[in-house]
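Notes to accompany the following structure.
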Amino acid sequence: MKILITMYGINSPGGIINHNENLISGFKQQGHEVNFVELVWRDDIKAKTTKDETNYEIKASGIPVHQGKGWLFPKENRIPYKGSWNIKKWQSFASDYDLIIWQIPVPTKQRDNEGNTDWLALYDLPDKIKQVAVIHDGNMEKSYPWIHQISEHLDGLACVHPCAYHGAKVLNIPRALILNPQDLSTLNDKPSWESRSHGFLSMQTFKGWKHVDDLVRAIPHMSSNIDKRMSGGGIEHNYMTSKDKCKENYFVSPERDADIDYHYHGRKIWDVALEHGMAWYGYLSEQEVRKHLREVKCIIDPSWSKAYAKIGDHFNRVIVDGIIEGAIPIARNLGVATNDEGDGELFKPYQNYMMVPYDASPREFASIVEETISLNKHIVEDIQLNNKNLVQNFEKEKVAKQYIALSQNVPTGYYNKLERGQVSEKIISKTKEIMSDFFKLSTEV
């Protein structure tokens, strides 16, 4: 099968990079031919270049990629689609494929896309070409409802966790819960618990709902002998560390940091954490991440969201990254689950991960980290065995097969079924509003 994966420009692609590269690898291992392109609303296009190639990797796509900056697409993999002539060239090009996977379902409301209606014609392809969109979050109805505008062209929605799955019920498109593809090749070759550093790694794209500040505030309450490793980057990291634009809630205060010594009040939480042994690595390549995860005892994901928890479990792929390398996950109840008990559809507290309540104080957070790092070897082995069985659902070749099944309208995915939702009045009205006001489409939905 010939498969084409497309990408629109977005800020901070984060885990989408790893999703895409592992999915491509899974397809190739199944014997499929895969191409990966960026769609750009311009008349003409040049290759993407950079002066600093530090931390760029070549993975399954064959295109250099940086965890924070994205791909350096060569010119032949950047497709301009502005104007009827470019649209015709795209349609001719795309018609050579059996399956198109829209890694980002529709263009975003970035300023460069204002007035862009050409994207609508990108999906207007022969019926024999199957089209599947990937849903990475539970924000569809709020953040990109205009997917409804092209929904008639989509044969399926691949939803990467329950929150995405349940959030997509506002569209009448077959959807399946197809988890993030992962490389499990090192699953059976992990360093022992005893040989690991008495510490943790936390890595993510810093966004508000990921609550990295919760972990940063907890670090001063941890023992000095704990190895505290942080990596990643993003908008909230910029605010947290900014000399002049640090947000007010990223300063130590009596209200948010009641248990900390008063002489830290008014200082940046980031600076205080550094003074208490936090090691900051910035963006790491996947190889470097794997190395760190094999050296530490725990992976910490501080993410939680009440809004997401109302829809479904919204776990991040970093937890699975840690599991593969033998690190014990520490996560939040309203991150991997929808209830205070932290009992998720996939992840169970004290069976698959150690739970930090979403409203834990910094000292409580620190205490749970220390308890996890000091877990009895036999408890650790039980959790690792549970997780070894769980992560088989994320294996990249298995996931790749599920994409093929979805495109062919065959029940598949973690739930082993396809469901169609019912188009909501809200998504219809929001689509009309945004298509008119932002994309400047004169016709009605």
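The values are calculated or read from the model by the stated rules, or taken from the named source; none is laboratory data. Nothing here was measured: the structure is a model prediction, and the numbers come from that model. Using ideal geometry, Cβ is built from the backbone for each residue, glycine included, and neighbour counts are taken over all protein chains shown. These area figures cover heavy atoms from the full protein model, side chains too; ligands, DNA and RNA do not enter into them. Shrake-Rupley method; radii C 1.70, N 1.55, O 1.52, S 1.80 Å.
Below 10 angstrom from the Cβ of Ile404, what's the summed charge of the other residues (Lys, Arg +1; Asp, Glu -1)?
Within the 10 Å Cβ shell, the charges total +1.
Of the cross-linked pairs Lys51/Lys247; Lys46/Lys128; Lys207/Lys430, which ones have a Cα-Cα span greater than 29 Å in the structure shown?
Over 29 Å Cα-Cα: Lys51/Lys247; Lys46/Lys128.
Roughly how many Å² of Arg42 are accessible to a 1.4 Å probe, to the nearest 10?
Surface open to solvent at Arg42 totals about 120 Å².
Rank Pro181, Pro74, Pro302 by mean-square fluctuation in a GNM of the chain with C-alpha springs under 10 angstrom and give only the top-ranked residue.
So, out of Pro181, Pro74, Pro302, the one fluctuating most is Pro74.
Have a look at Gln287, Ser197, His263 and report the one farthest towards the positive end of the charge dipole of segment 153-296, computed about the Cα centre with Cβ charges (Lys/Arg +1, Asp/Glu -1).
Going by the Cα projections, it comes out as Gln287.
Determine the gain in length on full extension of the stretch Asn339-Glu152; use 0.36 nm per residue of separation and subtract their C-alpha separation, reporting nm with one decimal.
63.8 nm
Using unit Cβ charges (K, R positive; D, E negative) and no other charged atoms, how large, in debye to the nearest 20, is the dipole of segment 304-380 about its Cα centre?
100 debye
Could you sort Asp227, Asp343, Asp112 by their accessible area in this structure, using a 1.4 Å probe and putting the largest first? Don't skip to the end; give the middle numbers.
Numbers: Asp227 40, Asp343 80, Asp112 120 Å².
Most to least solvent-accessible, the answer reads Asp112, Asp343, Asp227.
Summing +1 for each Lys or Arg and -1 for each Asp or Glu, what net charge is found among the other residues whose Cβ lies under 13 Å from the Cβ of Arg175?
Neighbour charge sum, excluding Arg175 itself: +1.
Return the equivalent ellipsoid semi-axes of segment 76-126 as a descending list in whole Å, where each equals the square root of 5 times an eigenvalue of the C-alpha gyration tensor.
Calculated on Cα positions only, the semi-axes equal 19, 13, 10 Å.
Considering only protein heavy atoms, what is the solvent-accessible area of Cys246 at a probe of 1.4 Å, reported in Å² to the nearest 10?
The accessible area comes out at roughly 20 Å².
If I build a Gaussian network model for the chain, linking alpha-carbon pairs within less than 10 angstrom, which residue out of Thr431, Thr338, Thr49 has the largest mean-square fluctuation?
Highest fluctuation among the options: Thr49.
Could you work out how much longer the chain between Asn249 and Trp209 gets when fully extended? Use 0.36 nm per residue separation minus the Cα distance between them, nm to one decimal.
Extending this stretch completely gives an extra 13.0 nm.
Work out the charge dipole of the chain with +1 on the Cβ of Lys and Arg and -1 on the Cβ of Asp and Glu about the Cα centre, then indicate which of Ser367, Val37, Trp146 is farthest towards its positive end.
So the residue furthest toward the plus end is Val37.
Based on the Cβ-Cβ distance from Gln408 to Ser92, what FRET efficiency comes out when R0 is 22 Å, to the nearest 0.05?
That gives a FRET efficiency of 0.35.
Using only helices, what value at 222 nm comes out for the chain when you add -39,500 (n - 2.57) per DSSP H run of length 4 or more and divide by the total residues, to the nearest 500 deg cm²/dmol?
-8500 deg cm²/dmol
Share of Cα-Cα pairs in segment 85-218 beyond 27 Å, in percent?
Considering segment 85-218, 41 percent of its Cα-Cα pairs are separated by more than 27 Å.
Hey, what angle do you get for helix 84-94 against the long axis of the chain, alpha-carbon based, 0 to 90 degrees rounded to 10?
Tilt relative to the chain: about 70 degrees.
Would the chain count as rounded, prolate or oblate if I go by the C-alpha gyration tensor, calling it rounded below 1.5 in a/c and otherwise prolate when a/b exceeds b/c, oblate otherwise?
Numbers: a/c = 1.75, a/b = 1.55, b/c = 1.13.
Prolate is the answer for the chain, as a/c is 1.5 or above and a/b outweighs b/c.
Just report the Cα centroid separation between segment 186-226 and segment 13-75, whole Å.
Rounded to whole Å, the Cα centres lie 28 Å apart.
With a/c under 1.5 counting as rounded, go ahead and sort segment 297-445 into rounded, prolate or oblate using the C-alpha gyration tensor (a ≥ b ≥ c being the square roots of the eigenvalues; past the cut-off, prolate if a/b is larger than b/c, else oblate).
Cα axes put segment 297-445 in the oblate bin.
Quick one: give the max-minus-min coordinate of the C-alpha atoms of segment 332-391 along each principal axis, largest first, in Å.
Each principal axis gives a Cα extent; for segment 332-391 these are 31, 27, 14 Å.
Tell me the angle of helix 15-29 to the major Cα principal axis of the chain, expressed in degrees between 0 and 90 and rounded to the nearest ten.
Approximately 60 degrees, to the nearest ten.
Counting DSSP beta bridges with both partners in segment 242-391, what percentage is antiparallel, nearest 5?
Approximately 10 percent, going by the DSSP bridge assignments.
Only four residue types carry charge here, +1 at the Cβ of Lys and Arg and -1 at the Cβ of Asp and Glu. Report the dipole size of segment 108-231 about the Cα centre in Debye, rounded to the nearest 20.
Details: 14 positive and 15 negative charges, 87 e Å.
Charge dipole of segment 108-231: 420 debye, to the nearest 20.
For the residue pair Ser185 and Gln29, what label-to-label distance in nm results when each label sits 7 Å from Cα along the Cα-to-beta-carbon direction?
Label at Ser185, label at Gln29, 0.8 nm between them.
With respect to the cross-link table entries Lys88/Lys130; Lys28/Lys388; Lys245/Lys310, which display a Cα-Cα separation exceeding 21 Å?
Lys28/Lys388; Lys245/Lys310
Percent antiparallel among DSSP beta bridges with both residues in the chain, to the nearest 5?
So the antiparallel bridges in the chain amount to around 10 percent.
Would you kindly state how much longer the chain becomes between Lys2 and Thr50 on full extension, computed as 0.36 nm times their sequence separation minus their alpha carbon distance, in nm to one decimal?
Length gained between Lys2 and Thr50: 14.2 nm.
Carbon and sulfur together cover what percent of the accessible area of segment 251-311 at a 1.4 Å probe radius?
With neighbouring chains kept in place, the figure for segment 251-311 is 52 percent.
Quickly work out the Ser84-to-Asp112 label distance, labels modelled 7 Å from Cα along the C-beta direction, and quote it in nm with one decimal.
Each label point lies 7 Å from its Cα, and together they span 2.6 nm.
Take the Cα pairs of segment 180-336, get the Kirkwood Rh, then feed it into Stokes-Einstein at 37 °C and 0.692 mPa s and tell me D in µm²/s. Display every interim value, and only then the final one.
Working: Rh = 16.4 Å.
So the translational diffusion coefficient is about 200 µm²/s.
Relative to the Cα centre, what is the charge dipole magnitude of the chain, using +1 at the beta carbon of each Lys and Arg, -1 at the beta carbon of each Asp and Glu, and rounding to the nearest 20 debye?
880 debye
Which is farthest toward the positive dipole end of the chain among Ser242, Gly14, Val252, measuring Cα position about the Cα centre, with Cβ charges +1 (Lys, Arg) and -1 (Asp, Glu)?
Gly14
Determine the shape class of segment 1-103: with a ≥ b ≥ c the square roots of the Cα gyration tensor eigenvalues, call it rounded for a/c under 1.5, and otherwise prolate if a/b is greater than b/c, oblate otherwise.
Oblate, because a/c is 1.5 or more while a/b does not exceed b/c.
Rounded to the nearest 10 Å², what accessible area does Lys69 have for a 1.4 Å probe in the complete protein model?
120 Å²
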